[in-house]
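Some notes on the structure that comes next.
The values are calculated or read from the model by the stated rules, or taken from the named source; none is laboratory data. If you're wondering where the values come from, they're calculated on a predicted model, not measured in any experiment. Cβ placement follows ideal geometry from the backbone for every residue including glycine, while neighbour counts extend to all protein chains displayed. The accessibility values were calculated without ligands, DNA or RNA, using every heavy atom of the protein model including side chains. Shrake-Rupley method; radii C 1.70, N 1.55, O 1.52, S 1.80 Å.
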Protein chains: 2
Amino acid sequence: MKEKECCCPKKRILAAAISLFAQKGFAAVGVREIAAEAGVNIAMISYYYDGKIGILKEILEEFFNRYMQVFEGIDDENKTPEACVRGLIHNIVQFVRENTELAMVSYNELPLDLPEIAELKAKRITAVIQRISPLVVRMGFDPTDVFMIAVVGPSLISAIFTNFRLRPVMKQVFPFKFDDAYYERYTETIATLFLHGIKGLAEERKQKRRRVK
Amino acid sequence: MKEKECCCPKKRILAAAISLFAQKGFAAVGVREIAAEAGVNIAMISYYYDGKIGILKEILEEFFNRYMQVFEGIDDENKTPEACVRGLIHNIVQFVRENTELAMVSYNELPLDLPEIAELKAKRITAVIQRISPLVVRMGFDPTDVFMIAVVGPSLISAIFTNFRLRPVMKQVFPFKFDDAYYERYTETIATLFLHGIKGLAEERKQKRRRVK
DNA sequence: AGACTTGACAAACGTTTGTTTAAATTTTAT
DNA sequence: ATAAAATTTAAACAAACGTTTGTCAAGTCT
């Protein structure tokens, strides 16, 4: 009964579920635990949502809807592709920082086989990849070469998400303060890492194409 | 009852558990399901292992023990640091390819709060990071700068693991054949991506140090 | 004022969870 | 051949699971 006085029961249930799912994983959390954390009766979970699985669906929907906003301005022709990548990285870091638990639940449940959410996942992931593709092309890759899209994009995203995913363990090992300064440097580092990497890849591709000619 | 005739019950239980945990996650799998998949009686799980959680511990131990082998030759002074990084990437890709389910179970349970395996995780992760550190230094980073070690290493590892983690979803979206040719190109791509990225980072660091002087 | 809707609750539903017991069976050693 | 040890089994355990039920109070509308 921690969040009793914050807002309406429905929102409290969602907030409690997000927090617990992020910590222990969807399958490891019971409805009683959610109800207790939200400070509501157990019955309210099936009353407001389509049961426990209904909460997860709501969480995934909410995540994807907010997440798509990080691609805002990704295909701005006035900016250089490099600037677009930098902007994207900045947006993703900021997004995950502001929605850490929501992002962790979604990211952690992504590879697990849960038939009830299989469709939802596939649809949204396809949407994300299609949203990134134009930028990948602008960065100098062959538009028909799906390999690059399927490798570079996910690598970048996973690198950022994993940084937050390993946060609990990292806090035990490294003496960081995760403040504004940290995130500024982190964003800069990831941007440099991937921009140089992508540039290296694009050059290598070009050379191979020349060799074929 | 799928693996009845393969080997001894103890190994069948472990194999079944690895497969099911990788697919659904540890918490979502019951002992009955494991027993059925292994073709043994339910009681055999508590007989051979310390219950369900005992199987997970065994899996994590097995994973880490095998995983540490990918760092073989990581600090070979006869090779250039670039060659060491390439070798490491090659080893990790090959390792995850050969131990996909084992790796997925371990990787997926890593961020989840499970008190019974908290110690084990922290110890092994520390060991992995310490094993990488010398190479990070050789690649041109400040040995006292834990930030770089905590960012670049995990990014590389997560990029590779995520490639396998998203395999089920990717198979729905991209028409790949995951054969030897794919992995050869994949290894090459990741190596180029990170080697150029790391080089870019190292140069940027040097320039900043010069500016301070 | 009387009929109706809504929000919240305790209680109990039937099922499934992981584990344990004790008996039965097979294997091993004497 | 016989006793001891190891293996396997079915059955039962309490506890926890997610969901549904029926009830009651407060608010809304006619």
Given unit charges at Cβ for Lys, Arg (+) and Asp, Glu (-), the dipole magnitude of region B:1-69 about its Cα centre in debye, nearest 20, is 80 debye
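Of B:K24/B:K121; A:K208/B:K199; A:K79/B:K206; A:K121/B:K11, which ones are farther than 31 Å apart at the Cα?
Among B:K24/B:K121; A:K208/B:K199; A:K79/B:K206; A:K121/B:K11, the Cα-Cα distance tops 31 Å for A:K121/B:K11.
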Can you tell me, using C-alpha contacts under 8 Å and at least 6 residues apart, the relative contact order of region B:9-49 as a whole percent? 44 percent
Calculate, in whole percent, how much of the Cα-Cα pair population of region B:90-143 lies beyond 16 Å. 59 percent
Global size of region A:9-49 as Cα Rg and Dmax, reported in angstrom: 9.0, 24
With charges set only on the Cβ (+1 for Lys and Arg, -1 for Asp and Glu), what does the dipole of the protein assembly as shown come to about its Cα centre, in debye to the nearest 20? 780 debye
Whole-Hz Karplus couplings 3J(HN,Hα) for region A:31-41, θ = phi - 60° and coefficients 6.51, -1.76, 1.60, Gly and Pro as x, run 5, 4, 5, 4, 4, 4, 5, 7, x, 10, 6
What is the diffusion coefficient of region B:53-154 in µm²/s, taking the Kirkwood radius over Cα pairs and the Stokes-Einstein relation at 4 °C with a viscosity of 1.567 mPa s? 88 µm²/s
Taking Cα atoms only, helix A:100-109 is inclined relative to the longest principal axis of chain A by an angle, in degrees rounded to 10, of 80 degrees
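For region B:1-86, what is one quarter of the convex hull surface built on the Cα atoms, given in nm²?
Dividing the Cα hull surface by four gives the mean projection, 7.3 nm².
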Those chymotrypsin sites (Phe, Trp or Tyr not before Pro) in region A:93-196 that DSSP places in a loop and that have at most 14 other beta carbons within 10 Å: A:F176, A:F178
Where only alpha carbons of region B:117-213 are counted, the Rg and the Dmax (Å): 17.0, 54
Expected vector for region B:45-62, Karplus 3J(HN,Hα) from phi with 6.51, -1.76, 1.60 and θ = phi - 60°, integer Hz, x for Gly and Pro, equals 5, 7, 6, 8, 10, 7, x, 4, 5, x, 5, 4, 4, 4, 4, 5, 4, 4
Given a 1.4 angstrom probe, I'd like the percentage of the accessible area of chain B that is carbon and sulfur, rounded to a whole number. 52 percent
Which is farthest toward the positive dipole end of region A:70-147 among A:Y107, A:C84, A:A127, measuring Cα position about the Cα centre, with Cβ charges +1 (Lys, Arg) and -1 (Asp, Glu)? A:C84
Whole percent per 5 Å bin, from 0 to the bin with the longest distance: what is P(r) over all C-alpha pairs of chain A? 1, 6, 13, 16, 16, 14, 12, 9, 6, 4, 2, 1, 1, 0, 0
Taking Cα atoms only, Rg over Rh for the protein assembly as shown with Rh from the Kirkwood formula is 0.97
Taking the Cα centre of chain A as origin, work out the dipole magnitude from +1 charges on Lys and Arg Cβ and -1 charges on Asp and Glu Cβ, in debye rounded to 20. 620 debye
Of the residues B:G73, B:V29, B:Y47, the Cα lying farthest along the dipole of chain B towards its positive end, which is defined by charges on the beta carbon of Lys, Arg, Asp and Glu, belongs to B:G73
Accessible area buried between chains A and B, both sides summed, probe 1.4 Å, in Å² to nearest 100: 4900 Å²
